[in-house]
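Q: Handing you a structure now.
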Amino acid sequence: MSGPIQQRDAECEDELLERVEAREGRTTTLGGQAVARVLPTKGRRTVGAWCFVDLVGPEDAEHPDPLEIGPHPHIGLSTVTWLLEGEALHSDSLGTEQLIRPGQLNLMTAGHGIAHAELAAEPPFRGVQLWVAQPEATRHGASRFEHVPELPQVELERARGTVLVGSLDGAVSDASVDTPLLGADLTLSAGRTVLPLRAGFEHAVAPVDGTVKVGPEVVAPGWLALVPAGVEELPVEARESGARLLLLGGEPLGERVQMWWNFVARDREEITRAWREWEQRTDRFGSVPSTLERIEAPRPPWVPGD
Ligand code: MN
């Protein structure tokens, strides 16, 4: 290869990296737990098909509240549950009861409709709750649940971790995906690491421990770095104490999703229908074997009161 080609590649890469953007998430509570919601974020609803990223965990580790989320419905999405600490029990309207521990993945796909409940079995609980929007091709289909007890490990220079979905550096997860997707949990040692990315994917980096420099941006837990499609080598840098991050990516979804409460759809009408069916307890969502109290849906703001 001659010099000019190398130089042009380098310029192109820098130009893309200059478009990395940092976004601050917002904090909320969910089932008694402090949550940092980093996606959706201002002006951005999806990264690939990822449409919801919550970092769930006790901010005050001395007074952790138990995670208790009673039966509630979903449509049009897959939930990806990944624990950092503790244990949780998942139960759903397919009849599934599944204990999940750190290192394992729960993947529940709603399709036309499912209901589930989640309970921390072993506090303190700390984990990640991710949603993946289903594409038009599968979002009206059957619901399903997958527990993936073992996931592939990836070992890069100054970075190692687990591939949750998709593939990274040749390590391929068994978890099913409806669209090309990547999710990985990486622990960085101090210094600079280059993450090998797929050019056709857009990506995001969400630190869970420590501060990370992503291209030109520095992000801390509770923040998200958005990485545009086209980047094939993403430099990330951790300080002396190292860092832990989620790397998320995927082919741009190309469908505009509408999210409200626990529903991912394309318009208000679909959401209104799902809300009514949950309220009226039709068999669309089934019933969940759980001792926790069923969660009633709030009325969508566009639906007039009775
Ligand atoms: Mn849920």
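The values are calculated or read from the model by the stated rules, or taken from the named source; none is laboratory data. Here the structure is a predicted model, which means the values were calculated and not measured. For neighbour counting, all protein chains shown are included, and Cβ atoms are generated from backbone atoms with ideal geometry for every residue, glycine included. Ligands, DNA and RNA are excluded from the accessible area calculation, which covers all protein heavy atoms including side chains. Shrake-Rupley method; radii C 1.70, N 1.55, O 1.52, S 1.80 Å.
Q: What residue among ASP54, ASP92, ASP267 shows peak mean-square fluctuation when the chain is described by a Gaussian network model with Cα springs under 10 Å?
A: ASP267
Q: Rounding to the nearest 10 and keeping the result within 0 to 90°, find how far the Cα-based axis of helix 3-17 lies from the longest principal axis of the chain.
A: 30
Q: Could I ask something else about it? Tell me the net charge near PRO102. Cut-off is 14 Å between Cβ atoms, PRO102 excluded, with +1 for each Lys or Arg and -1 for each Asp or Glu.
A: It works out to a net charge of -3.
Q: Related question: Assign unit charges at the C-beta atoms only (+1 for Lys and Arg, -1 for Asp and Glu), then state the dipole size of the stretch 7-250 relative to its Cα centre in Debye, rounded to the nearest 20.
A: 460
Q: Next question. Only sites in a loop by DSSP and with at most 14 other Cβ atoms within 10 Å count here; which trypsin sites (Lys or Arg not before Pro) in the stretch 196-265 make the cut?
A: Taking the stretch 196-265 and a limit of 14 other Cβ atoms within 10 Å, the loop trypsin sites (Lys or Arg not before Pro) found are ARG239, ARG256.
Q: Can you pull out the chymotrypsin sites (Phe, Trp or Tyr not before Pro) in the stretch 203-306 whose DSSP state is coil and whose Cβ has at most 13 other Cβ atoms within 10 Å?
A: TRP302
Q: Given contacts defined as C-alpha pairs under 8 Å and at least six residues apart, what's the relative contact order of the stretch 7-250, whole-number percent?
A: This gives 21 percent for the stretch 7-250.
Q: Scan the stretch 150-209 for GluC sites (Glu not before Pro) in coil per DSSP, keeping those whose Cβ has at most 13 other Cβ atoms within 10 Å, and list them by number.
A: For GluC sites (Glu not before Pro) across the stretch 150-209 that sit outside H, G, I, E and B with at most 13 neighbouring Cβ atoms in 10 Å, the list reads GLU150, GLU157.
Q: Report the Rg/Rh value for the chain, based on alpha-carbon coordinates and the Kirkwood definition of Rh.
A: Result: Rg/Rh = 0.98.
Q: Positive end of the charge dipole of the chain (Lys, Arg +1 and Asp, Glu -1 on Cβ, about the Cα centre): tell me which of PRO196, PRO298, GLY166 has its Cα farthest that way.
A: Most positive-ward Cα: PRO298.
Q: Report, to the nearest 10°, how far helix 268-279 tilts away from the longest principal axis of the Cα atoms in the chain, using its own Cα long axis and a range of 0 to 90°.
A: That works out to roughly 50 degrees.
Q: Let me ask something additional. Name the residue, out of ALA22, ALA199, ALA238, whose mean-square fluctuation peaks in a Gaussian network model built on the chain with Cα pairs under 10 Å.
A: The residue that fluctuates most here is ALA199.
Q: For a quick check, take a GNM of the chain with Cα springs below 10 Å and name the residue from LEU181, LEU30, LEU224 with the largest mean-square fluctuation.
A: Of LEU181, LEU30, LEU224, the most mobile in the Gaussian network model is LEU30.
Q: Please report the projected area of the stretch 89-137's Cα convex hull averaged over all directions, in nm².
A: The Cα convex hull of the stretch 89-137, projected and averaged over all directions, gives 4.0 nm².
Q: Shifting gears a bit: Using a cut-off of 12 Å between beta-carbons, work out the net charge of the residues near PRO196 (Lys and Arg +1, Asp and Glu -1, PRO196 not included).
A: Value of the local net charge: -3.
Q: Right, here's the next one. Ignoring ligands, DNA and RNA, please state the percent of accessible area on the stretch 7-250 from carbon and sulfur, probe 1.4 Å.
A: The C+S portion of the solvent-accessible surface of the stretch 7-250 is 45 percent.
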